[in-house]
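Since the structure comes first, as structure tokens, the remarks are kept for the end.
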Amino acid sequence: VPLAFELLAGRVPFVGTNTPALMYAHVHTPPPPLRTFRPDLPRSLEEVVTRLLRERNAMFACAESITGGGVAERMSRAPGSSSIFVGGVVTYSADAKERVLGVSRQTLDGPGVVSEACALEMAAGARRLFGADVAVSLTGAAGPEPHGGAEPGTVWIGLDADGVRHGLGYVSEGEREQ
């Protein structure tokens, strides 16, 4: 475990199969410090989000496509989330994105449903629909075939809040369930 920790932390150069260097690092590297368990600190992302939004008296909403309601489900499990989570919507089809969230036909016909523009419009639509202060959205191509011109594993996340609009895209490898 200490060797893996050191490799992940970037403190041990991993060059091919440099076994002597790796063995030296493993033997001469102290284990990482133990962490103290504090039950007053959040232990999951949804608990952290809930705590931060409660501190700011802000309301949260989400719009999902690729995750099929997974974000809403996780947020609703977090202790105290009922004070900040107003709702979520799953808009799997392009028509639903347009009718429910107000994603423009120009975006759907242009960059498409798997794009930064679509994710941003979905987040703005969720924020408007639920009257939330902060909204996130997720859209993408789960596979196994490409979707909307995007390769399987392509995901776009949108964030809409007062004065902040941000999109983040990435490609995830692995199976659809992951």
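The values are calculated or read from the model by the stated rules, or taken from the named source; none is laboratory data. What you see is a predicted model, and the numbers here were worked out from it, not measured in a lab. So basically every Cβ, Gly included, is an ideal-geometry build from the backbone, and we count neighbours across all protein chains shown. The area values use the complete protein model at the heavy-atom level, side chains included, leaving out ligands, DNA and RNA. Shrake-Rupley method; radii C 1.70, N 1.55, O 1.52, S 1.80 Å.
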### Query
Extension gain residue 105-residue 55, at 0.36 nm per residue separation less the Cα-Cα distance, in nm?
14.2 nm
### Query
Can you give me the relative contact order of region 99-178 as a percent, contacts being Cα pairs under 8 Å and 6 or more apart?
27
### Cα centre as origin, Lys/Arg/Asp/Glu Cβ charges: region 77-146 dipole, Debye
260
### Query
When only DSSP loop residues count, what trypsin sites (Lys or Arg not before Pro) in region 118-178 have their Cβ near at most 16 other Cβ atoms within 10 Å?
176
#### Entry: Solvent-accessible ranking of 133, 162, 95, largest area first, probe 1.4 Å
162, 95, 133
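How many percent of DSSP beta bridges within region 45-151 run antiparallel, rounded to 5? Mind showing how you got there, number by number?
On the way: 1 of 11 bridges.
If we restrict to bridges inside region 45-151, about 10 percent are antiparallel.
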### Summary
Row for region 60-176, column shape: gyration tensor on C-alpha, a ≥ b ≥ c, rounded if a/c < 1.5 i.e. under 1.5, prolate if a/b over b/c, else oblate; value oblate
